[in-house]
1. Neighbouring Cβ atoms within 10 Å as the yardstick, rank 151, 10 fewest first.
2. Would you list 1, 126, 140 from fewest to most Cβ contacts within 10 Å?
3. What's the exposure ranking of 31, 42, going from fewest to most Cβ atoms within 10 Å?
4. Restricting to the chain, compute how many DSSP beta bridges are antiparallel as a %, nearest 5.
5. Using a ≥ b ≥ c from the Cα gyration tensor of segment 100-188 (square roots of the eigenvalues), is it rounded, prolate or oblate, where a/c under 1.5 gives rounded and otherwise the larger of a/b and b/c decides, a/b for prolate?
6. Can you give the log10 of the normalised intensity I(q)/I(0) at q = 0.17, 0.18, 0.24 Å⁻¹, computed with Debye over equal Cα scatterers of segment 1-90?
7. Once segment 7-189 is represented by equal point scatterers at the alpha-carbon sites, with solvent omitted, what log10 I(q)/I(0) does the Debye formula produce at q = 0.17, 0.20 Å⁻¹?
8. Which whole-number percent gives the relative contact order of segment 7-189, counting Cα pairs below 8 Å spaced six or more residues apart?
């Protein structure tokens, strides 16, 4: 038997970034086998905070942001300046279609109904929005070749500003969605 601790935040959507990063840092120090961290940061600010706290750790950080046109046609949520700033400290940024919506969202927006991936996303949201985001960005990064499948990583997500969820999972490519394994919840909101 092994006992582990989970950090719980009061509600999702609040900016718990600093406390979450502290929990992730503690987990990295106790686990020793995690070599990559994915973080969902639409503007890059949370990714920079993570780097600032972990710059002495031997871990690769990859930022995953919204796809182009998420809020406005032909516009990224992250600036070119921030992408360069992240690159300068060794953080790659991935901009691409969301694994659980992508083109399927265009179909449901036009014709109504839902896609099977909506069911997957809503099931993960039953835990928290950040759990859904963590799973989604891990698929996106695996499909882009940014993280290897079959290797445990930390994935960080949230809802709204900042991040509130961190998990240890084994990513898969989209075609193997149901082979994804969640190993530990490091932190998540209670509500």
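1. The most exposed by this proxy come first: 10, 151.
2. Ordered from fewest to most neighbouring Cβ atoms within 10 Å, 1, 126, 140 come out as 1, 126, 140.
3. Taking fewest neighbouring Cβ atoms as first place, the list is 31, 42.
4. Around 40 percent antiparallel, to the nearest 5.
5. Note, shape of segment 100-188 comes out oblate.
6. -0.82, -0.90, -1.28
7. For segment 7-189 at q = 0.17, 0.20 Å⁻¹, log10 I(q)/I(0) is -1.08, -1.52.
8. The normalised contact order for segment 7-189 reaches 28 percent.
Rule-based calculations on the coordinates, nothing more; no lab input. Being a predicted model, the structure only gives us computed values, none of them experimental. Methodologically, a virtual Cβ is constructed for each residue, glycine included, from the backbone with ideal geometry; neighbour enumeration extends over all protein chains shown.
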